[in-house]
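Working notes, beginning with the structure itself.
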Amino acid sequence: MELKDGLTFYEKEDLKFWKFTLDLEKKAEEMLKLLLDVNYQPDDQALIDARELLIEIERWKAGCIDELTGHARKNSKQDVWDSFRKGMTASSPAAAISSITTRLNRFGVSLNEINQHPAKRASAVMRIFRPNDWGVVDWRTIAMVNALNSVEWEIDAAIVEAKDPSKDYKGLYKKVNINEQAACFYNEIYGAKKTEFLKRTADVEMAIFGLTLKGLAVP
């Protein structure tokens, strides 16, 4: 098995969700053009569209589980637009994701128990807007990356490793704190694994997530 097979697992796991992913990427690509235009001043509809896109990204990150959504709509449309624009024009990955985590409710603005900004949802925002450079960072992908590292990225061996109940990868990583620095760190790992087939950082991340469908119990 190769890493690229993980992307196939991801796509085929839920074709409706895969279409949702592609639709979100297209919407974000169009909005990104406006965000990057320094002369563009958004009208009310543009602000509404930005907030609606955040709501959709939240739903996507939650795997369309309604009980895990409803927080994005608590942000004002102006705050969402300003956060998106600052994030997409930032000069570094750390500054980009911090523009989300420090401005948007339930996307990291509230500090966690160790006084850090959680970045899992913010990484989803960056991934949808910047799939060439970003993937989502959550416990599943972190667990699988560590399983892969332990066997020098031998895919079949990593799946066996991640399934080993004595290693308890889910227990180790399910509640791990993911701040902005961790999100950037793991995105560097994703980016380093890009290939002719996995051309984007998001493709690598989805491939790694796809492997978790074979090697981890994903609720």
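The values are calculated or read from the model by the stated rules, or taken from the named source; none is laboratory data. Every value quoted in this text rests on a predicted model; they were computed, and no experiment measured them. Backbone-built Cβ (ideal geometry, glycine too); neighbour counts: all protein chains shown.
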Can you find a residue that is of a type in the set (Gly, Ala, Ser) and at pLDDT 95 or above anywhere in region 55-66? no
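Do any helices (runs of 4 or more DSSP H) lying entirely in region 125-219 carry at least 1 residues that are of a type in the set (Ser, Thr, Tyr), and which ones are they? Reasoning before the result, please.
Working: elements: 139-150, 155-163, 169-173, 180-192, 201-215.
Ranges flagged: 139-150, 169-173, 180-192, 201-215.
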Examine region 26-47 for a residue that is closer than 26 Å to residue 158 by Cβ and surrounded by 11 or more Cβ atoms within 10 Å (Cβ to Cβ), and state whether such a residue exists. no
Anything in region 167-205 that is without any contact (Cβ under 8 Å) to a residue 24 or more places away in the chain and among the acidic types (Asp, Glu)? List them, or say none. 168, 188, 196
Please identify the pairs in which a residue from region 67-80 that is within 19 Å of residue 102 (Cβ to Cβ) has its Cβ atom under 7 Å from the Cβ atom of a residue that is surrounded by 13 or more Cβ atoms within 10 Å (Cβ to Cβ) and polar (S, T, N, Q), counting only partners at least 6 apart or on another chain. 71/105; 74/105; 75/105
Does region 67-76 include one or more residues that are surrounded by 18 or more Cβ atoms within 10 Å (Cβ to Cβ), on the phi < 0 side of the Ramachandran plot and at pLDDT 95 or above? no
Just a yes or no: is a residue in region 135-153 closer than 20 Å to residue 29 by Cα and either touching a helix residue (DSSP H, G or I) at 6+ places or on another chain (Cβ under 6 Å) or acidic (Asp, Glu) (or both)? yes
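Yes or no: region 126-136 includes at least one residue that is at pLDDT below 95 and either over 16 Å from residue 32 (Cβ atoms) or in contact with a Lys or Arg (Cβ under 9 Å, 6 or more places away or on another chain) (or both).
Restricting attention to region 126-136, the residues satisfying the condition of being at pLDDT below 95 are none.
No, region 126-136 contains no residue that is at pLDDT below 95 and either over 16 Å from residue 32 (Cβ atoms) or in contact with a Lys or Arg (Cβ under 9 Å, 6 or more places away or on another chain) (or both).
Count, please, the residues in region 1-56 that happen to be assigned to a loop (DSSP other than H, G, I, E, B) and either touching a Pro at 6+ places or on another chain (Cβ under 6 Å) or among the polar types (S, T, N, Q) (or both).
2
Have a look at 106, 85 and point out the one that is surrounded by 19 or more Cβ atoms within 10 Å (Cβ to Cβ) and either touching a residue at least 12 places away in the same chain (Cβ under 8 Å) or not β-branched (Val, Ile, Thr) (or both). Talk me through it step by step, then tell me what you get.
Working: 106 fails: surrounded by 19 or more Cβ atoms within 10 Å (Cβ to Cβ).
After ruling out the rest, the residue left standing is 85.
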Under 7 Å by Cβ, and 6 or more places apart or on different chains, what pairs join a residue from region 52-64 that is without any contact (Cβ under 8 Å) to a residue 12 or more places away in the chain with one that is part of a helix (DSSP H, G or I)? 62/68
If you take the residues in region 168-211 that are modelled with pLDDT of 95 or more and hydroxyl-bearing (Ser, Thr, Tyr), which one is surrounded by the most Cβ atoms within 10 Å (Cβ to Cβ)? 190
